[in-house]
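Asks: What follows is a single structure, and I will ask about it in a moment.
The values are calculated or read from the model by the stated rules, or taken from the named source; none is laboratory data. This one's a predicted model, so the numbers in the text were calculated from it and none came from an experiment. Backbone-built Cβ (ideal geometry, glycine too); neighbour counts: all protein chains shown.
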């Protein structure tokens, strides 16, 4: 059994020689692709052959990149692995440069001719890609400009890199003193744990320690953030978008209407968050909670150890509702080294799933036998099953789905697991704690991330209108949003106005709203699965099997999720409302 707890990277490449052969083969395909430069307007044969070579190159590149990254993440101190990873980063840049001419050249071909080309049966697998280019014509620049932008891509992301280095390596946090006078270390990684502590003084000290540093460095961080925002706005204008929001949502296979509908519906239902915060205050025995109180689970939950084999069985039992086909692949994943399970010295922290089209998905865990790890397994295997079904049914170009749908399958699994555990639990106190945990997850993902999304929209809009923003102005914008989102049962501590400065996702402009739409979609899907709607599981698996062969909003409509419609968000808030009501009943509030 121990043999199944680590990846077998020889499934990607048998040895280093095979890797080098693949790198050389990739370069030969890149040479073949470049030969079509300036020739794509000649006819359908050139376009088909160019894409066929691109498809082969993508398959090789994905395997090379996956092998180097997974090997590096197994032991991040291994110098040979670091060297290989850096080498593959350079290969990735060359890949981008080699294929950067394709979209600009195709965009110059009249739509009428492209429609004729798409009638050729050979082009069926590339139709979505061609139609995307046709749709994006006015946003694709000349070949020369696209090539320059590709080379400058690292520079454009420099604000994010500087921010990450600055906040992760140069911040010195004030230590925390516990009730026995012991000095506890404080850093960004420990912050979340301290905020969930049952000891209010620990929570308060952590909160103050964190935001004292961001207050100290707020002017530097403001300049980094505004530089990133301005870069995105300028880039959007160059590409002929009406706004940076339109550019971002367009790249997600989404649109500004989805963004606006999300914010409108969340604002309409903020009273539910206020009710939840009010309940938290009552359960803590307070009239009002502070901002440092909102993350603590107010109910005692047993932090029992769960052995990995038991965790596997819990996940399989919880997801049995998905049917035999789905669960048999989960068993296959557990038994065939899809997962690298336990934490090890110098292993990459956290968890993720990485699909490798011609092999299988690889899941990184850092399992420490705690109950939260069970949810992580279900979550990451949701990603893996999405990648598995997409790779099984689509070529590599069409298998890759956008971030807009990437978190849906994983969150569906989390919700199904949570419902299984809640329904199975007979002890009311434990049941209440599980419900509280699920409500916290929804609040943090749907409501809090929408608050972040509203902040981003306000900031970008003001700069696009020519306003000059200062750190004080950004602090005020954020502080007013926190007051609106958390309501009168929460004391809005002064320090919280600096919270925006510690959100790294703001450097990936308009990224966070997808967490909110993702959990909304997942709640709708999970609700339909749990209701036993006939044929729905099959419909859902069919959607996963499409990969990225359709645009993201169309994929979600296949499972009755329309993110442009208010009713979709109402289903999500009804689910939150139902769980909140049950928690109030159990706790006699």
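Asks: Only residues that are in contact (Cβ under 8 Å) with a residue 60 or more places away in the chain and surrounded by 21 or more Cβ atoms within 10 Å (Cβ to Cβ): list them for region 233-246, please.
Replies: 244, 245
Asks: Looking at 250, 273, 255, can you tell me which residue is touching a helix residue (DSSP H, G or I) at 6+ places or on another chain (Cβ under 7 Å), assigned by TED's automatic domain parsing to the domain that holds residue 519 and over 30 Å from residue 472 (Cβ atoms)?
Replies: 255
Asks: Okay, moving on. Pairs, please: C-beta under 7 Å, at least 6 apart or cross-chain, first residue within 28 Å of residue 59 (Cα to Cα) and in region 361-380, second at pLDDT 95 or above and in a loop (DSSP other than H, G, I, E, B)?
Replies: That search, which allows pairs on different chains as well, returns 361/338; 361/355; 362/7; 362/338; 362/356; 363/338.
Asks: Hey, another quick one. Right, residue 137: surrounded by fewer than 14 Cβ atoms within 10 Å (Cβ to Cβ) and either under 30 Å from the mean Cα position of the chain (by Cα) or not assigned by TED's automatic domain parsing to the domain that holds residue 97 (or both) or not?
Replies: no
Asks: Determine, yes or no, whether residue 224 is under 30 Å from residue 147 (Cβ atoms), assigned to a helix (DSSP H, G or I) and outside the structural domain of residue 136 (by TED's automatic domain parsing).
Replies: So residue 224 passes the test.
Asks: Residues 496, 523: which one is over 25 Å from residue 394 (Cβ atoms), in contact (Cβ under 8 Å) with a residue 24 or more places away in the chain and within 20 Å of the chain's Cα centre (by Cα)?
Replies: Sole residue among the options that is over 25 Å from residue 394 (Cβ atoms), in contact (Cβ under 8 Å) with a residue 24 or more places away in the chain and within 20 Å of the chain's Cα centre (by Cα): 523.
Asks: For region 6-32, which positions are part of a loop (DSSP other than H, G, I, E, B) and either within 14 Å of residue 61 (Cβ to Cβ) or outside the structural domain of residue 96 (by TED's automatic domain parsing) (or both)? It would help to see each step written out before you state the result.
Replies: Here is the first cut: in region 6-32, the residues part of a loop (DSSP other than H, G, I, E, B) are 6-8, 12-15.
Residues satisfying the conditions are 12, 13.
Asks: Another question, if that's okay. Among the numbered criteria (1) over 18 Å from residue 442 (Cβ atoms); (2) modelled with pLDDT under 95, which single criterion is violated by residue 487?
Replies: Only one criterion is unmet by residue 487, namely (1).
Asks: Of all residues in region 140-166, which are surrounded by 15 or more Cβ atoms within 10 Å (Cβ to Cβ), modelled with pLDDT of 80 or more and more than 14 Å from residue 506 (Cα to Cα)?
Replies: Answer for region 140-166, where residues must be surrounded by 15 or more Cβ atoms within 10 Å (Cβ to Cβ), modelled with pLDDT of 80 or more and more than 14 Å from residue 506 (Cα to Cα): there is none.
Asks: From the list 268, 282, which residue is surrounded by fewer than 19 Cβ atoms within 10 Å (Cβ to Cβ), in contact (Cβ under 8 Å) with a residue 12 or more places away in the chain and farther than 16 Å from residue 203 by Cβ?
Replies: Only one candidate qualifies: 282.
Asks: Having 1 or more residues that are within 16 Å of the chain's Cα centre (by Cα) and surrounded by fewer than 18 Cβ atoms within 10 Å (Cβ to Cβ) is the bar; report the strands (runs of 3 or more DSSP E) wholly within region 332-395 that clear it.
Replies: 352-354
Asks: Let me ask something additional. Looking for something assigned to a helix (DSSP H, G or I) and over 25 Å from the mean Cα position of the chain (by Cα) - is there at least one such residue anywhere in region 236-255?
Replies: Scanning region 236-255 turns up at least one residue that is assigned to a helix (DSSP H, G or I) and over 25 Å from the mean Cα position of the chain (by Cα).
Asks: Next question, about the same structure. Yes or no: region 455-475 includes at least one residue that is surrounded by fewer than 18 Cβ atoms within 10 Å (Cβ to Cβ), under 14 Å from the mean Cα position of the chain (by Cα) and outside any helix (DSSP H, G or I).
Replies: Within region 455-475, the subset surrounded by fewer than 18 Cβ atoms within 10 Å (Cβ to Cβ) is 458, 461-470, 472-473.
Still in the list and also under 14 Å from the mean Cα position of the chain (by Cα): none.
So far as region 455-475 goes, no, none of its residues is surrounded by fewer than 18 Cβ atoms within 10 Å (Cβ to Cβ), under 14 Å from the mean Cα position of the chain (by Cα) and outside any helix (DSSP H, G or I).
Asks: Anything in region 386-400 that is out of contact with any strand residue (DSSP E or B) (no Cβ under 9 Å at 6 or more places or on another chain) and at pLDDT 95 or above? List them, or say none.
Replies: 388, 389, 390, 391, 392, 393, 394, 395, 396, 397, 398, 399
Asks: Looking only at region 100-113, decide whether some residue is within 28 Å of residue 20 (Cβ to Cβ) and out of contact with any helix residue (DSSP H, G or I) (no Cβ under 6 Å at 6 or more places or on another chain). Write out each step before concluding.
Replies: Let us first name the residues in region 100-113 that are within 28 Å of residue 20 (Cβ to Cβ), namely 100-102.
Going one step further and asking which of them are out of contact with any helix residue (DSSP H, G or I) (no Cβ under 6 Å at 6 or more places or on another chain), we end up with 102.
Checked region 100-113: at least one residue is within 28 Å of residue 20 (Cβ to Cβ) and out of contact with any helix residue (DSSP H, G or I) (no Cβ under 6 Å at 6 or more places or on another chain).
Asks: Can we say residue 579 is under 23 Å from residue 445 (Cβ atoms) and in a helix (DSSP H, G or I)?
Replies: yes
Asks: All but one of (1) crowded, with 16+ Cβ neighbours inside 10 Å; (2) over 23 Å from the mean Cα position of the chain (by Cα); (3) not in a helix (DSSP H, G or I) hold for residue 420; which doesn't?
Replies: Unmet condition: (3).
Asks: I need the full set of residues from region 121-134 which are more than 11 Å from residue 104 (Cβ to Cβ) and surrounded by 13 or more Cβ atoms within 10 Å (Cβ to Cβ), in order please.
Replies: 122, 123, 125, 126, 127, 128, 129, 130, 131, 132, 134
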